[in-house]
Structures are given as structure tokens and as C-alpha cells.
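Q: Below is one structure. I have some questions about it.
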Amino acid sequence: MTHFETQICSCLLQAHYGEIVAKVGTHLIRTGCQPLRLIANDTETPIDQVKKALCVLIHHNFASYHVHKRGFVEYEVHCAHIIRILRYPRYIYSAKTLYGDTGELIVEELLQNGKMTMSAVVKKVADRLRETMEDNKTREHSETSNTFVRLVQTHFLQKCGLVSESVTAEGSQPSRAPTLITDEKEMYTVPNLSVVAQGKRRRMSEDGTEPKSKRSKPEHSDQEMEFVGKSGDSGGGIITDLHRALASLARATVESVVQERFGSRSARIFRLLLRKRHLEQKQVEDFAMIPAKEAKEMMYRMLSENYISLQEIPKTPDHAPSRTFYLYTVNLLPTARMILQRCYKTVVNLINRREYETRENKRLLEKSQRIEAIMASMQATGAEEQQLQEIEEMITAPEQQQLETLKHNVNMLDSSENQVDETIFILESYINTTRIEKEVPSKR
């Protein structure tokens with residue numbers, strides 16, 4: 001686990017679940033699997049608070065536990081699941097787009113609470129919707145239940161794993177592993193938000209049989225990018241190469257980063273090296289049509305920051321510089337990993353900046369919230385317009401301007417965080433599918 005991954009997990013846990021959960025989670029990320037008492041001892045936290053923190057992490061699918069071969073229970077935190085907290089706003093927005101306000105509130109409740117029963121979710125969402133509706137309108141629980149069922153059918157939600165029956169079987173020894181006192185057979189949660197595949201998606205032929213593994217040349221609109229191709233000589237099946245599609249997205253993302261960081265002409269050199277694979281200095285200058293001095297400066301900058309690499313091919317065993325070819329190249333996978341780590345660092349900086357802005361204006365925010373609460377209560381009791389206006393004037397014009405500036409800054413930070421998460425999602429998906437492609441060679 002890298003330093004920036006640990007940092008981003010710590011910041012996300014701190015922001016969403018508090019100091020103790022962040023302390024326990026960060027400790028487990030740094031040390032790996034540990035038993036309960038060792039966690040309490042190393043973090044210098046009372047064991048009851050450690051238990052509650054572990055319950056929160058397990059309930060939100062951020063941690064798991066298993067029985068060690070020596071008989072004690074070890075706890076482990078999954079860093080990748082914590083980083084997916086960044087994707088929650090986009091997931092909620094997708095549910096709202098497809099299923100309206102009801103779908104949005106259902107997904108929001110489950111993301112906030114980790115695991116819940118269907119009846120509890122439906123009741124809370126129906127009550128929240130009833131509060132926002134006019135007096136002459138009502139909201140039936142059946143409508144919320146139908147939306148919940150549709151979310152499950154389309155895999156926005158999933159049922160939690162069943163509790164092992166062996167632990168309660170008659171005559172069996174009690175398990176050493178702890179169990180949460182809930183009926184998990186009726187619990188639902190939001191699945192992990194990631195692209196997991198072995199790089200291929202096949203469509204069956206019309207007779208219901210899987211086509212032969214031999215691929216023909218790609219066709220249709222994806223012919224140039226080679227994402228889609230026929231499978232078999234008869235052409236009955238279609239193969240979508242998911243890994244190739246993700247590699248193309250990652251490549252475009254890396255090119256965009258290079259252009260923003262080094263300029264358009266450096267991006268031209270970078271794209272040239274991606275296409276030609278290996279080029280000498282003189283070849284780069286000729287193909288890119290850039291003066292030698294400028295090309296050398298641009299390539300040195302990218303080389304010093306590890307966006308491109310230099311490969312030596314000696315003509316003789318003594319590696320004499322005069323008898324050695326020096327070829328520039330781009331290794332997309334290591335470059336994607338490097339940019340991914342920088343994205344983690346960027347998110348940490350954005351979270352810290354948002355916390356700083358909120359902390360510096362804490363007094364003003366509390367004052368604004370108190371005034372809004374007073375106005376809401378007075379409106380409910382039928383106060384006059386003049387009274388409401390007097391309450392509004394409790395916030396001066398400079399304070400109002402400061403509040404507007406704060407809201408603008410926080411919105412900009414939130415928007416930047418969502419944009420960085422898009423890059424994280426693309427690069428993570430590309431890196432994960434590349435690893436799977438290497439571990440499980442595709443059947444040709």
C-alpha cells in the first residue's frame with residue numbers, strides 16, 4: 001500500500017466516520033491483519049471504542065475478519081473499498097437520473113448506513129418524501145418498495161451474503177469469529193463500484209451456443225479502435241474487448257495530462273512515441289517537426305518526471321556511448337500508475353483544503369444555521385414578513401458576501417474532486433484489467 005493511498009483512506013474515513021474509525025482503519029492499512037487486542041494496544045484506544053470502530057468498518061464493507069490457524073480472529077481493512085467513497089455522489093446521481101427522487105434517497109440511505117433491511121429503508125425514505133410533499137399529497141410505501149425492487153433487479157443494490165448455517169448447527173462447536181447481532185438474510189447493501197473483468201465480453205450466437213474462440217478482424221464503428229470483433233468463421237458471435245477499450249481511455253487520459261503539464265508540442269512528442277514505440281533523438285525531431293534544441297528540452301523534462309523512458313541498446317559488450325543506440329519510449333502502465341498516485345495526492349489536498357475553509361469560517365456557518373432554523377420555525381408558526389426580514393438582517397452584508405465566497409469555494413473543491421475521481425476510475429480500471437490479463441491469459 002502506497003503512502004498516498006494510506007493518506008486518502010485516512011482523510012475519507014476522518015471526514016465521513018470520525019477520528020476513532022479513521023485511527024483504527026489507518027492503523028490496519030499500514031500494518032495489515034491484526035487481532036483486536038493488538039489493535040487496541042498499538043493505537044492506544046480503549047478496546048470498547050476499537051470494537052465500535054471495527055463494527056462501523058465491517059458494516060460498511062470496508063473491513064473483514066477471519067479466524068487465524070492458531071485460533072484468534074484477525075481484522076483486515078480493504079483500501080480499495082474506502083477509496084470508492086469518492087464515487088458515492090456519482091452513484092447517487094445515476095440512481096436519481098434513472099429512478100427519480102425515490103431511487104436517489106434509497107441509494108443515499110444505504111450508502112450512509114452500510115447495510116439495512118428493506119423495510120427500514122422503505123420506511124425512512126417514505127417518511128422523508130412525505131415531509132417534502134404538500135399537505136394534500138401522500139406517499140404510499142408500495143411505490144417506494146417497487147423502486148427498491150427495481151434497484152435490486154438492475155444490480156444497483158444487492159443482498160448481503162447469507163450467514164453460515166454451520167455456526168448454529170446442533171452439536172457443532174461455537175465459532176471463534178464474532179457475529180453481528182442482525183438478521184443479515186434480509187439485509188441489503190450497495191455493491192462495490194468497479195470494473196472487474198477478464199478483458200472480454202462474448203455475445204452468444206442465435207442458436208444459443210458460444211461461438212468459437214477464433215477472432216476475425218474487428219468491424220462496424222469500432223473497426224479503427226478494435227473494440228468489437230466477430231468470433232468464429234460463421235460470424236455468429238460478437239466479442240467486445242473491454243481491456244482494449246480501457247487501455248484506449250487510459251491512453252487518452254495520460255495524453256491529456258501530458259498536454260496540460262508540458263504543453264501541446266510535448267504532447268505531440270508523447271503521442272508520437274506511443275505510436276512508434278521506440279525512436280532515437282534525431283527521429284523524434286524529424287517526425288514531430290520540432291527544432292532540435294526545443295525537442296531535447298521537452299524530452300528531458302518528460303524523462304526527468306518519468307513520463308517517458310530511455311532504453312540503451314549497445315552494439316558491443318563494452319556499452320561504449322559511441323556504439324550504443326539510445327531509444328526513447330513510453331511505458332503506459334507505469335505512467336498510469338504514477339499519475340494515479342498523483343491523483344490520490346490531489347484528492348488529499350482537496351479534502352484538506354475544504355476542511356480548512358470550513359474550519360476558518362466555522363463561527364459564521366454556525367450563525368447562518370441558527371438563523372435559518374429560527375426562520376423555519378417562525379414560518380411554521382405563521383410569522384409576519386417584517387419579522388422574517390428582521391431575522392434575515394442579523395447577517396450583515398460583509399458576512400453574506402463571505403458566505404457566498406465560501407459556498408463558491410466549497411462547490412469548486414467538490415467539483416474538482418469529482419473530476420479527479422473520473423481519472424482515478426479510468427486508471428484504476430485499466431491497471432486492474434491489465435493485471436487480470438497477465439494472470440489469466442486470454443483463450444484465443
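Q: Might you let me know whether the range 422-430 holds any residue that is farther than 29 Å from A336 by Cα, open to solvent by 90 Å² or more (accessible area, probe 1.4 Å) and out of contact with any helix residue (DSSP H, G or I) (no Cβ under 6 Å at 6 or more places or on another chain)?
A: No, the conditions are met nowhere in the range 422-430.
Q: What helices (runs of 4 or more DSSP H) lie completely within the range 32-114 and have 3 or more residues being closer than 30 Å to E131 by Cα?
A: 88-113
Q: Within the range 299-319, work out how many residues are open to solvent by 20 Å² or more (accessible area, probe 1.4 Å) and hydrophobic (A, V, I, L, M, F, W, C).
A: We begin by selecting, within the range 299-319, every residue open to solvent by 20 Å² or more (accessible area, probe 1.4 Å); these are 300-301, 303-306, 309-319.
Narrowing the set further to residues that are hydrophobic (A, V, I, L, M, F, W, C) leaves 303, 310, 313.
Number of matching residues: 3.
Q: Run Y88 past the list (1) open to solvent by 70 Å² or more (accessible area, probe 1.4 Å); (2) hydroxyl-bearing (S, T, Y); (3) touching a helix residue (DSSP H, G or I) at 6+ places or on another chain (Cβ under 6 Å) and report the number of the one that doesn't hold.
A: Among (1) open to solvent by 70 Å² or more (accessible area, probe 1.4 Å); (2) hydroxyl-bearing (S, T, Y); (3) touching a helix residue (DSSP H, G or I) at 6+ places or on another chain (Cβ under 6 Å), Y88 violates only (1).
Per-residue answers, yes or no, for (1) crowded, with 17+ Cβ neighbours inside 10 Å; (2) modelled with pLDDT of 90 or more; (3) touching a strand residue (DSSP E or B) at 6+ places or on another chain (Cβ under 7 Å):
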position	(1), (2), (3)
D48	no, yes, no
V56	yes, yes, no
E108	yes, yes, no
N113	no, no, no
V122	yes, no, no
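Q: Still on this structure, I have one more. Tell me, please, whether a residue that is under 17 Å from H16 (Cα atoms), more than 19 Å from the chain's Cα centre (by Cα) and among the basic types (K, R) can be found in the range 44-65.
A: yes
Q: If E357 meets every condition in (1) in contact (Cβ under 8 Å) with a residue 40 or more places away in the chain; (2) farther than 20 Å from R275 by Cα; (3) not assigned by the TED database to the domain that holds H408 apart from one, which number is that one?
A: Among (1) in contact (Cβ under 8 Å) with a residue 40 or more places away in the chain; (2) farther than 20 Å from R275 by Cα; (3) not assigned by the TED database to the domain that holds H408, E357 violates only (3).
Q: Just need a number here: residues in the range 320-333 that are open to solvent by less than 70 Å² (accessible area, probe 1.4 Å) and in contact (Cβ under 8 Å) with a residue 40 or more places away in the chain.
A: Looking only at that region, the number is 6.
Q: Just name the residue that is farthest from P321 (Cα to Cα) out of those in the range 277-292 that are open to solvent by less than 100 Å² (accessible area, probe 1.4 Å) and either touching a His at 6+ places or on another chain (Cβ under 8 Å) or outside any loop (DSSP other than H, G, I, E, B) (or both). Show your work before the answer.
A: Step one: list which residues in the range 277-292 are open to solvent by less than 100 Å² (accessible area, probe 1.4 Å), which gives 278-281, 283-286, 288, 290-292.
Subsequent filtering for residues that are either touching a His at 6+ places or on another chain (Cβ under 8 Å) or outside any loop (DSSP other than H, G, I, E, B) (or both) retains 279, 281, 283-286, 288, 292.
Numbers: L279: 17, Q281: 14, Q283: 18, V284: 19, E285: 20, D286: 22, A288: 25, A292: 20 Å.
Looking at the filtered set, the residue picked out is A288.
Q: Given the structure, is I29 within 25 Å of N418 (Cα to Cα), modelled with pLDDT of 90 or more and not in a loop (DSSP other than H, G, I, E, B)?
A: The answer is yes for I29.
Q: Follow-up. Quick one: in the range 364-404, of everything that is open to solvent by 60 Å² or more (accessible area, probe 1.4 Å) and of a type in the set (V, I, T), which residue is farthest from R354 (Cα to Cα)?
A: T381
Q: Touching a Leu at 6+ places or on another chain (Cβ under 8 Å), within 24 Å of V107 (Cα to Cα) and open to solvent by 10 Å² or more (accessible area, probe 1.4 Å): does that describe Y75?
A: no
Q: Here is a further query. Taking only pairs six or more apart or across chains, which ones have beta-carbon atoms under 8 Å, a first residue in the range 379-399 that is under 19 Å from Q369 (Cβ atoms) and outside the structural domain of L365 (by the TED database), and a second residue that is in a helix (DSSP H, G or I) and not hydrophobic (A, V, I, L, M, F, W, C)?
A: none
Q: If I ask for residues that are modelled with pLDDT of 65 or more and part of a loop (DSSP other than H, G, I, E, B), which ones from the range 124-160 would you list? Walk me through how you get there before you give the answer.
A: As a first pass, look at the range 124-160 and keep what is modelled with pLDDT of 65 or more: 124-133, 140-160.
Passing the criteria: M133, E140, T154, H155, F156, L157, C160.
Q: Also, quick follow-up: Take the conditions of a type outside the set (S, T, Y), modelled with pLDDT of 90 or more and at negative phi and apply them to V67. Does it pass? Lay out the reasoning, then the answer.
A: Numbers: of a type outside the set (S, T, Y): yes; modelled with pLDDT of 90 or more: no; at negative phi: yes.
No, not satisfied.
The values are calculated or read from the model by the stated rules, or taken from the named source; none is laboratory data. Everything quoted here is computed from the prediction, not taken from an experiment. Ideal geometry is used to build each Cβ from the backbone, glycine not excepted, and the neighbour counts take in all protein chains shown. For accessibility, only protein heavy atoms count, side chains too; no ligands or nucleic acids. Shrake-Rupley method; radii C 1.70, N 1.55, O 1.52, S 1.80 Å.
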